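Bear in mind these aren't lab numbers, they're just calculated from the coordinates by the rules spelled out. It should be emphasised that the depicted structure is a prediction, and the values quoted were computed from it without experimental measurement. Using ideal geometry, Cβ is built from the backbone for each residue, glycine included, and neighbour counts are taken over all protein chains shown.
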Amino acid sequence: MIYPLLRHALFTLDAEVAHERTAALLKLAVKTPGMAAVLKRLFAPATRGLSQQIAGMHFAHPIGLAAGFDKHADLTHGMALLGFSHIEVGTVTPRPQAGNPKPRLFRLAQDDALINRMGFNSEGMQVVAERLATRPRALPVGINIGKNRDTALEQAGDDYLAAFTHLAPHADYVAVNISSPNTPGLRQLHETAALRELLEALIKANQWHRPIFLKISPDETPTQIEQVVATAIEAGISGIIATNTTLARPNLRSANANETGGLSGEPLKQAALETLRFVAQLTAKRVPIIGVGGISRAEDVYARLKAGASAVQLYTALVYQGPAVAARLSWGLSALMRRDGVRDISEVIGVEC
Ligand SMILES: Cc1cc2nc3c(=O)[nH]c(=O)nc-3n(C[C@H](O)[C@H](O)[C@H](O)COP(=O)(O)O)c2cc1C
C-alpha cells in the first residue's frame, strides 16, 4: 500500500539511481534484526497447488525474478524475502566490465515499460561466484552468463565456458544469454553452427549436472526460432527462456521511446507471448519453458502457463508495482485457478499449445 508513495519519490530520480537506492534499502532490510521475518510474512506468496519440479528443481510457485535486476548476486537474500519462487542472477561476464555510459536505463511510464542499454555491467565471475557460495538455499538461484564486450564473437565460446565452469558449481541452474541486444553481435549466436558449438561445449563441461537453459530473443524470425529450438534440443539443453527485451518500438507514447536499447514491459507482452507459443509448439513438452516479457498481472501468468510455460519471470512489473508483485501475482493466479476448478498447476501448463 505504501509503494505508490515510495514509487513517486523513486520516479523523481534517474532510473538507475532509483534502482541503486532500492537495492541499498533491501540490503539494509536484510541486515536489520527482525526485518527478514517481517518481509517474509508481508510478501508470503500463494503456493498451494502451485508448486512443481522443473528440471529437477523445486519451484514453490511459478513467478521468478528475471535476469538484470540482481546482476552481481548481492540481492539474492533480499529478493528471496519478496516471495519470488526463483531468482536469476546476472548477466555475469568472465572479466569485470563497466557496461555502457550512463544514462542507460529509461522509464517509459506512459507505456508501463523500460528501455535499457546497460551493456552487461558486471563485477565479473570471480566476485559473483564468491557471493553465490552463500546464496539462499530455499529456492532455485540461477546464474545467467554472457561474454565480455571486447571478446571477439569467434572467441565467445571461451567466455561462456569460463563463466560456466566458474559459476555453475555455485548456482542451481545456468541460463545462457545469447539474446541481449546491447552487446554488439551477441544475437548472432542464435545462428545454428555457432549455437551448436557453444551449447555442446557447455554440456560437455557440465560435470555438476546443472540444468542449462537458453535465453532467446523475441526478434528472431520463425525460421531462426525453429533452428534455435532444434539445435538446443539436439545439444541436450534442459529448457528455454523466452524472451529477452525487444528492439521493436510498437506504438509507444512516452518521451523516452526513441532511446537505444532493449524494450521491456507491457509493449513486449504480445511478442513474448507469441514467441513462447511458437517455442512450445516446437518443443512439444520435451523441455520446460520459462516465459518472460511484459508479465504484470495474474492473467498474464495464467496465459503464459496455458501457452506452455512451466514458470515465468518478470522485471519491469517490479519497478511499476513494487515489492509485493510476486506475492500478488501468485495469489491472483491461485484465485484464477480456483475460479476454473483447477486444483494443480500441472493441469494448466500447455493446455493451449
Ligand atoms: C534494466 C534491465 C536489465 C536487464 N539485464 C538483463 C541481463 O543482464 N541479462 C538478461 O538475460 N536479461 C536482462 N534483462 C531482460 C529481462 O531479464 C527480461 O527478459 C525482460 O526485461 C523482459 O521481462 P519484463 O518485461 O518483465 O521486464 C534486463 C532487463 C532490464 C529492464
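Tabulated values for the structure
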read-out	value
Positive-pole candidate from 19, 33, 214, dipole of region 3-347, charges at beta carbon	33
Sequence-separation-based contact order of the chain, relative, with Cα cut under 8 Å and 6+ spacing, percent	18 percent
Per-pair calculated FRET efficiency, R0 = 35 Å: residue 343 and residue 16 via Cβ, rounded to 0.05	0.20
MRE, 222 nm, helices only [DSSP H, n ≥ 4, -39500 (n - 2.57), over the chain, to nearest 500]	-11500 deg cm²/dmol
Farthest positive-ward along region 3-347 dipole, Cα basis, beta-carbon charges - from 257, 319, 283	319
Amide H contacts of residue 71 (H built 1.01 Å from N, under 5 Å, at least 5 apart or other chain)	90
Rounded to 5, percent antiparallel among DSSP beta bridges of the chain	30 percent
Contour excess over end-to-end distance, with Cα ends at residue 8 and residue 40 and 0.36 nm allotted per residue	9.1 nm
Long-range amide H partners of residue 313 with built H, under 5 Å	64, 291, 292, 293
Estimated vicinal HN-Hα couplings, Hz - region 188-203 in sequence order (Karplus 6.51, -1.76, 1.60; Gly, Pro = x)	5, 6, 6, 5, 3, 5, 5, 5, 4, 4, 5, 5, 4, 5, 5, 5
3J(HN,Hα) from dihedral phi, region 335-345, Karplus parametrisation 6.51/-1.76/1.60, rounded to Hz, x for glycine, proline	5, 4, 5, 4, 4, 8, x, 8, 8, 9, 4
Fewest-first ranking of 266, 220, 20, 197, using other Cβ atoms within 10 Å as the exposure measure	20, 197, 220, 266
Ranking of 35, 79 by count of other Cβ atoms within 10 Å, fewest first	35, 79
Label-point gap, in nm, between residue 208 and residue 260 - each point 7 angstrom along Cα→Cβ	3.5 nm
Of 71/306; 31/306; 31/269, those spanning more than 32 Å from alpha-carbon to alpha-carbon	31/306; 31/269
Sites residue 224 and residue 154 - FRET efficiency at Förster radius 30 Å, r taken between beta-carbons, to 0.05	0.90
Relative contact order (percent, whole number), region 116-255, Cα cutoff 8 Å, 6+ residue spacing	23 percent
Relative contact order of region 1-157, defined on C-alpha pairs under 8 angstrom at six or more residues apart (%)	22 percent
Table column - 3J(HN,Hα) (Hz), region 147-153, Karplus curve with 6.51, -1.76, 1.60, x for Gly and Pro	10, 5, 4, 8, 8, 4, 4
Long-range amide H partners of residue 108 with built H, under 5 Å	113, 114, 115
Volume in Å³ per residue [convex hull over Cα atoms, computed for the chain]	123 Å³
